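Trainee: Before anything else, here's the structure in question.
The values are calculated or read from the model by the stated rules, or taken from the named source; none is laboratory data. Note that this is a predicted model, so its numbers are computed, not measured. A quick note on method: Cβ atoms are made from the backbone with ideal geometry, for glycine too, and the neighbour counts reach across all protein chains shown. What goes into the accessible areas is simple: the full protein's heavy atoms, side chains included, and nothing from ligands, DNA or RNA. Shrake-Rupley method; radii C 1.70, N 1.55, O 1.52, S 1.80 Å.
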Amino acid sequence: MHKQQMYRDVSLSTVMAGFLAVLVSYSGPMIIFFQAANSADVSNAMLTSWVWAVSIGSGISGILLSLWLKVPVVTAWSAPGTALLITLFPEITLNEAVGAYISAAVILFAIGISGYFDRLLAVIPRGIASAMMAGILFQFGVGIFQAVEVSPALAFGMIAAYLVLKRLFPRYCLVLLLAVGVALAVAFEGASLEGVSLSLAIPQFITPEWSWSSTLSLALPLVLVSLSGQFMPGMTILHTSGYNTPARPILVGTGILSVLVAFFGGITIVLASITAALCTSKDAHENPDKRYMAGVANGVFYLIGGCLAGTIVLLFTALPATFIAVLAGLALVGAIGNNLMGAVNAEDHREASLLTFLATASGMSFYGLGSAFWGVVIGAAAYLALHKPWQRQMATAKDTVAESPKLKSSSRP
């Protein structure tokens, strides 16, 4: 692609769309990283490496794929996968987590290169996948109101601000809520931002380790939530926006980047869904053929954010844990609702989906395996026991035979 064409296609609206998508990611899903870091009890230097890795991975993959496919490909990190970490740390080590990241990336790459992504999605009951994600994210929604006991003024203030901003400025709600939340934290909790300054990130190399426990509890659920919760809705957004883009190059590209960033603590790079809508809509550009520059701009801002990951870490570690918990929960309200609806609306296997949700939301651990794994296992068992596809096929076949005119006439004496 010629540079002159890129210069002609770039516009203020595409740049702002890319910038807003990054802001939404940093003010929403990024918060979950800090909760995961608390669970793992890692240092700020290591947390900075995590932020650097996912930012650089998202930036490079988004830029290259947008330019190559000439569509607004917005990539990010797996937010549900990051939420899963909170339930697994400190039972698994950081080294085991990195090994699981690499395993998940290799599996996603293999799925992408094979071209069987659509067939694989067809095998997983939609309601069970949605129920597992809802169960993983459920604790964040509950955390909003648990924070009231600790910091009522901050929690109720952020809830009220969320409702007002969601009503008046739905597109910019999370970004504005971040600013309001910081102000409330300073006013009511005595948070100080004096120590926040520009700080460049220094990546920390992590030696991976593999275990069956981390593979089954983290790697496989991470593949499932990445495919069902990120790539599937992300591809749907692209297709409904008029871009008939194949999933294969996106899965392959993000798979390769995921392996590379995993060594520095970066969780799987995936196709974005919520923020992707900002870059594929008419607000990004009236001409759909020029919206790919929003994906490029999004990647550039991710690269800038990655380089300044140290500053981002200093900012959020200076804020109280209550602020992070409330902001994370409010940022995920929409995702929780969408996945709950996906589970409940699966009429042909609703019971199996609800059992999956309950098992996953319980936070259970059995034989060293997390609740997400057991949620899928229990849900799949319930699906086979209560909603066997072959039973429906046999019933349909019987109805067809009974209603056949030829068979009816032949049965007469």
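Trainee: Once amide H atoms are placed 1.01 Å from N in the peptide plane, what residues at a sequence separation of 5 or more from residue 269, or on another chain, have their amide H within under 5 Å of its amide H?
Mentor: Those qualifying (amide H under 5 Å, at least 5 residues apart or on another chain) are 258.
Trainee: Which angle from 0 to 90°, rounded to the nearest 10, does the C-alpha axis of helix 173-189 make with the longest principal axis of the chain?
Mentor: It works out to around 50 degrees.
Trainee: Please work out the C-alpha center-to-center distance from region 162-187 to region 198-263 and express it in whole Å.
Mentor: When both Cα centres are located, 29 Å separates them.
Trainee: Per residue of region 146-158, what does 6.51 cos²θ - 1.76 cosθ + 1.60 with θ = phi - 60° give for ³J(HN,Hα)? Whole Hz please, x for Gly and Pro, Karplus curve as stated.
Mentor: In residue order, the calculated couplings are 5, 5, 4, 5, 8, 9, x, 5, 5, 5, 5, x, 6 Hz.
Trainee: If you stretched the chain out fully between residue 183 and residue 202, how much longer would it get, using 0.36 nm times the residue separation minus the C-alpha to C-alpha distance?
Mentor: 3.9 nm
Trainee: Using 0.36 nm per residue of separation minus the Cα-Cα distance, give me the extension gain between residue 153 and residue 113 in nm, one decimal.
Mentor: Working: separation 40, 0.36 × 40 = 14.40 nm, distance 5.15 nm.
Between residue 153 and residue 113, full extension yields 9.3 nm more.
Trainee: So, one more: In whole percent, and with a 1.4 Å probe on the protein chains, what portion of the accessible area of the chain is carbon and sulfur?
Mentor: 66
Trainee: Summing Lys, Arg as +1 and Asp, Glu as -1, what charge do residues with Cβ under 14 Å from the Cβ of residue 318 carry, residue 318 excluded?
Mentor: -2
Trainee: Can you work out the accessible area per residue across region 149-214, with the rest of the protein chains kept in place, probe 1.4 Å, in square angstrom?
Mentor: The answer is 65 Å² per residue.
Trainee: Angle check, please: helix 371-386 long axis (alpha carbons) against the longest principal axis of the chain (alpha carbons), in degrees 0 to 90, nearest 10.
Mentor: The two axes meet at around 20 degrees.
Trainee: Across 10 Å bins from 0, what is the distribution of all Cα-Cα pair distances for region 188-336, in whole percents?
Mentor: Final binned percentages: 9, 27, 36, 23, 5, 0.
Trainee: Would you please give the residues with an amide H less than 5 Å from that of residue 75, counting only those at least 5 places away or on a separate chain, with H modeled from the backbone geometry?
Mentor: Here 62, 272 satisfy the definition.
Trainee: Sort 227, 340 by accessible area with a 1.4 Å probe, largest first. Each step should come with its number before you reach the end.
Mentor: Numbers: 227 5, 340 60 Å².
Sorted by accessible area, descending: 340, 227.
Trainee: Same structure, new question: Just to verify a number: what accessible area does residue 350 come out at with the full protein assembly present, 1.4 Å probe, Å² rounded to tens?
Mentor: Its accessible surface works out to 90 Å², give or take rounding.
Trainee: Let me ask something else about it. How big is the accessible area of residue 278 in square angstrom, nearest 10, if you roll a 1.4 angstrom probe over the protein chains?
Mentor: 30
Trainee: In what sequence, largest accessible area first, do 218, 174, 12 appear using a 1.4 Å probe? Mind dumping the intermediate values first?
Mentor: Working: 218 0, 174 35, 12 130 Å².
Final ranking, largest accessible area leading: 12, 174, 218.
Trainee: What ranking of 248, 119, 167 comes out by heavy-atom accessible area, probe 1.4 Å, highest first?
Mentor: I get 167, 119, 248, largest accessible area first.
Trainee: Using a 1.4 Å probe and ignoring any ligands, DNA or RNA, find the accessible area of residue 243 and quote it in Å² to the nearest 10.
Mentor: For residue 243, the solvent-accessible surface is approximately 20 Å².
Trainee: Ok, one more. Any idea how far the Cα center of region 46-114 sits from the one of region 314-349, in Å?
Mentor: 19
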